[in-house]
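Asker: Have a look at this one.
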Amino acid sequence: MYKTMTETKERIDKTKVVISVSGVSKYFSPSKGQRSIKQAFTSFFSSKKDSAVKDGYWALKDVGFEVYKGEFFGIVGRNGSGKSTLLKMIAGVYTPTKGSIDTDGKIVPFIELGVGFNAELTGKDNVFLNGALLGFTRKEMMDMYDDIVSFAELQDHMDIKLKNFSSGMQVRLAFSIAIRAKSDILLVDEVLAVGDSSFQKKCFEIFTALKKEGRTIVFITHDMTAIERFCDRVLVIDKTKARGIYTPNEAGAIYDHLNAKYNTEENDISEVTGKAPSRWGSGEVRLDKVTVFSEGKLSKNNVVEMGEDLEIRMSFTAKTTKKIVIGLAFEDIFGVNIAGPNSIGVNLSSKEAVSYKANNIPLVPGEYKVTIAIYDQDIINEYDHLEKSVKLTVTGKSHNIYGKVNLFGKWSI
Amino acid sequence: MQILSKTNKSILSAMVRSDFKLRYQNSILGYLWSLLRPLLLSVILYIVFVKFLRISGDIRHYASYLLLGIMCWTFFIEITMGGVSAVVGKGDLIRKISIPRYLTVVSTSASALINFGLNFVVLLGIMLVTGVEVQVKYLILVPFLLIQLYALSLAIAFILAAAYVKYRDVSFIWEVFTQMLFYLTPIIYPVSLVVQRYPMGKYIMLNPLAQIIQHLRYILVTPQSQTAWQVLGWTALVPILSVPVICIIAVKYFRSESKSFAENV
């Protein structure tokens, strides 16, 4: 994305931390909700408390980060990774089991639209109720009432009970109240998931305006386009733990990788190849192992730095003596095929290793996936195919580099 | 508990407003019903216990005497019963935003306060018509007694509300317990009746509710009402001091429990 650096610098005040999360963990107790006194008694008198404890779980473990004033801070992670729990703790809804959260400034949780909305009350009553819960006095609400109603385009519906509103009307109403909240810090969770495309467009316009105003926004979404468009920094949460804070581009790549990794539980080849999303082939030749080397050294997590030498070593089990062709395909997170080197016919005796070397790899920093396919010499029969099975992380400074490859060119004036 | 900020005040008033609208929008007599409740209850109890069972003793102005007792009782029941489900009933709010948790309990007490106030006006009317013996020199104590009653009811409501989040038996237990408490509190019968017949009978005045009701009756209706001081002597400090003690316990318990409301409710 093409952010102008000066604009970012002015908006964000790095000397002022407005949200400070340190070492925060959250444990959810077992069998939440309805408990009876009998259960309490039995667990009090029984020595076997372990069985009950097992039902609880850690929703978040030892997460720490800081958000600066004026920052648009994204949080991404798969469903159940703990990001909403984290947001609720920042909002003060949940109390951390361990660690502490300090906030500076008034927080308005945008966690869910239409908090307190009651189906049995009229639209008008709901506006005032919801407004009060967002921190407005009744007088302030009266002054804003007409604006809210006209923004939501619901002038003729305000005396009708909310249960007779369509869901779209409810969201419109809730949204037009929520955007008026005067807060220093706004917590937004998945608002974009609801509503049609014109509503989403409205949301984006509001976010752009809020960002310009220099308000601090913490933003949870699965929409990587929104992340890349708005966020300054992004926290990636993976399975209750913070994976790190990244630029929006990096975060998008990592998020995509996490999804691919967990979506596929079959075809477990090796630790290096990870979980192959899909594998097929007749099986005369099967890939056993893939290892990635960077600058001649084994790279455990398949990490290589831009401009370094990359080597991919593969070993096979072959039931055939025919010559084979090995094809690689390097794809970026958007599935764009960036490079697809094929080998010449290789004569393979059993368990022999084949390697592919690329010097000074020009891939820009990010996550990539490598597909490996093994064919007969005529490229008719496919023996083994591992779709996007090897993840490759390219590191390096992405500063001033846009696009897919680094041409390692020089500017001269 | 901190004094209400401007924001909390508007949250509270919005919650009370919508609760009122929700409760009365579908009944024809609407709000009048909740106002009539203690009056109708008093009439029934008056007929049953005074006319049929004749246990009024020889209390003068028994109608006012009874109504005052019933009003205090209804107030206590409305607040505590409302308190049981105050937090759980507002679960969708508690799970989503961080409004101060105690507002949910306080908001449910608002309707009880209004009802009590309006019933008090009715009572004053009856008192004027039938004539009562007001103890003018103690009149200054009435506000303190009313505050005591409100504090006691609210404190118990806080305890019940927090406990109900974890233990759903609380509502049943409290329902049965209040049935019992109604007869253990000298509301329909005069204290003297119990004290004379049973040697242990005087200990019914250890109940803080009994202490408050009897003092109010003594000051506002007739000095025939036996107060805790008369029955128990210095031991009367027990029901009086139990109110602040219950309040402290309630605040501490509610505060510690409220941290986990959002996940348990």
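The values are calculated or read from the model by the stated rules, or taken from the named source; none is laboratory data. Note that the coordinates shown come from a computational prediction; the quantities given were computed from them, not determined experimentally. When we count neighbours, we look across all protein chains shown, and the Cβ atoms used for this are built from the backbone with ideal geometry, even at glycine.
Asker: With the requirement that a residue be at pLDDT 90 or above and touching a Ser or Thr at 6+ places or on another chain (Cβ under 6 Å), what does the stretch A:139-156 give you?
Answerer: Passing the criteria: only A:ILE148.
Asker: Next up: Of the residues B:ILE99, B:ILE79, B:ILE94, only one is crowded, with 20+ Cβ neighbours inside 10 Å, modelled with pLDDT under 95 and part of a helix (DSSP H, G or I); which?
Answerer: Exactly one of B:ILE99, B:ILE79, B:ILE94 is crowded, with 20+ Cβ neighbours inside 10 Å, modelled with pLDDT under 95 and part of a helix (DSSP H, G or I), namely B:ILE94.
Asker: Something else: Looking for whichever is surrounded by 17 or more Cβ atoms within 10 Å (Cβ to Cβ) and closer than 19 Å to B:LEU141 by Cβ here; the options are B:ILE213, B:ILE187, B:ILE204. Which one fits?
Answerer: B:ILE213
Asker: Something else: I want to confirm something. Restricting to the stretch B:184-209 and keeping residues that are among the hydroxyl-bearing types (Ser, Thr, Tyr) and not in a loop (DSSP other than H, G, I, E, B), which single residue is modelled with the lowest pLDDT?
Answerer: Within the stretch B:184-209, the match that is modelled with the lowest pLDDT is B:SER192.
Asker: Look through the stretch A:387-406, keep the residues that are in contact with an Asp or Glu (Cβ under 8 Å, 6 or more places away or on another chain) and assigned to a strand (DSSP E or B), and return whichever of them is nearest to A:GLY340 (Cα to Cα).
Answerer: Looking at residues that are in contact with an Asp or Glu (Cβ under 8 Å, 6 or more places away or on another chain) and assigned to a strand (DSSP E or B), I get A:LYS388.
Asker: Then there is this: Working only within the stretch B:43-64, note down all residues that are surrounded by fewer than 23 Cβ atoms within 10 Å (Cβ to Cβ) and either touching a Lys or Arg at 6+ places or on another chain (Cβ under 8 Å) or in a helix (DSSP H, G or I) (or both).
Answerer: Listed by number, the residues that qualify are B:VAL43, B:ILE44, B:LEU45, B:TYR46, B:ILE47, B:VAL48, B:PHE49, B:VAL50, B:LYS51, B:PHE52, B:TYR62, B:ALA63.
Yes or no, residue by residue, for (1) surrounded by fewer than 17 Cβ atoms within 10 Å (Cβ to Cβ); (2) more than 23 Å from A:LEU328 (Cα to Cα); (3) modelled with pLDDT of 80 or more; (4) among the polar types (S, T, N, Q):
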{"residue": "A:ILE220", "(1), (2), (3), (4)": "no, yes, yes, no"}
{"residue": "A:ASN259", "(1), (2), (3), (4)": "yes, no, no, yes"}
{"residue": "A:GLU266", "(1), (2), (3), (4)": "yes, no, no, no"}
{"residue": "A:GLY274", "(1), (2), (3), (4)": "no, no, no, no"}
{"residue": "A:LEU298", "(1), (2), (3), (4)": "yes, no, yes, no"}
{"residue": "A:VAL304", "(1), (2), (3), (4)": "no, no, yes, no"}
{"residue": "A:ASP309", "(1), (2), (3), (4)": "yes, no, yes, no"}
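Asker: Tally time: how many residues in the stretch B:2-33 are part of a helix (DSSP H, G or I) and out of contact with any Ser or Thr (no Cβ under 7 Å at 6 or more places or on another chain)?
Answerer: Adding up the residues that qualify gives 14.
Asker: I'd like to know if the stretch A:368-377 contains one or more residues that are modelled with pLDDT under 85, in a strand (DSSP E or B) and either on the phi > 0 side of the Ramachandran plot or surrounded by 14 or more Cβ atoms within 10 Å (Cβ to Cβ) (or both).
Answerer: Looking for residues that are modelled with pLDDT under 85, in a strand (DSSP E or B) and either on the phi > 0 side of the Ramachandran plot or surrounded by 14 or more Cβ atoms within 10 Å (Cβ to Cβ) (or both), one finds none in the stretch A:368-377, hence no.
Asker: Can I ask one more? Pairs needed: first member in the stretch B:162-190, closer than 22 Å to B:ILE249 by Cβ; second member anywhere, acidic (Asp, Glu) and at pLDDT below 95; C-beta distance under 6 Å; at least 6 residues apart or different chains.
Answerer: B:ALA162/B:GLU257
Asker: Keeping to the stretch B:140-183, report how many residues are acidic (Asp, Glu) and in a helix (DSSP H, G or I).
Answerer: 1
Asker: Are there any pairs with C-beta distances below 6 angstrom linking a residue in the stretch A:338-363 that is polar (S, T, N, Q) and at pLDDT 85 or above to a residue that is surrounded by 11 or more Cβ atoms within 10 Å (Cβ to Cβ) and part of a loop (DSSP other than H, G, I, E, B), with the two at least 6 apart or on different chains, and if so which?
Answerer: Final answer for the pair search is A:ASN359/A:ASP309; A:ASN360/A:GLY307.
Asker: I need every pair where a residue in the stretch A:123-148 that is aromatic (Phe, Trp, Tyr) has its Cβ under 9 Å from the Cβ of a residue that is not in a helix (DSSP H, G or I), sequence separation at least 6 or different chains.
Answerer: A:PHE128/A:PHE136; A:PHE136/A:ARG180; A:PHE136/A:ALA181; A:PHE136/A:LYS182; A:TYR145/A:MET158
Asker: Of all residues in the stretch B:210-265, how many are assigned to a loop (DSSP other than H, G, I, E, B) and within 14 Å of chain A (Cβ to nearest Cβ)?
Answerer: Selection size over the stretch B:210-265: 3.
Asker: On to the next question. Give the stretch A:388-413 a look and list any residue that's buried (at least 19 other Cβ atoms within 10 Å of the Cβ), at negative phi and of a type in the set (D, E, K, R), or say none.
Answerer: Matches in the stretch A:388-413: A:LYS391 only.
Asker: For the stretch A:77-196, please list each of the strands (runs of 3 or more DSSP E) lying entirely inside it that holds at least 2 residues being surrounded by fewer than 16 Cβ atoms within 10 Å (Cβ to Cβ).
Answerer: A:98-103
Asker: Among the residues that make up the stretch B:154-174, is at least one of them closer than 21 Å to B:LEU45 by Cβ and away from chain A (no Cβ under 14 Å)?
Answerer: Taking every residue of the stretch B:154-174 in turn, none turns out to be closer than 21 Å to B:LEU45 by Cβ and away from chain A (no Cβ under 14 Å).
Asker: Name every residue in the stretch B:10-24 that is within 8 Å of chain A (Cβ to nearest Cβ) and closer than 12 Å to B:VAL106 by Cβ, in order of residue number.
Answerer: Residues satisfying the conditions are B:ILE11, B:SER13, B:MET15.
Asker: Then there's this: Tell me which strands (runs of 3 or more DSSP E) are completely within the stretch A:280-347 and hold 2 or more residues being charged (D, E, K, R), more than 17 Å from A:THR393 (Cβ to Cβ) and more than 31 Å from the chain's Cα centre (by Cα), or say none if there are none.
Answerer: Those strands (runs of 3 or more DSSP E) span A:285-294.
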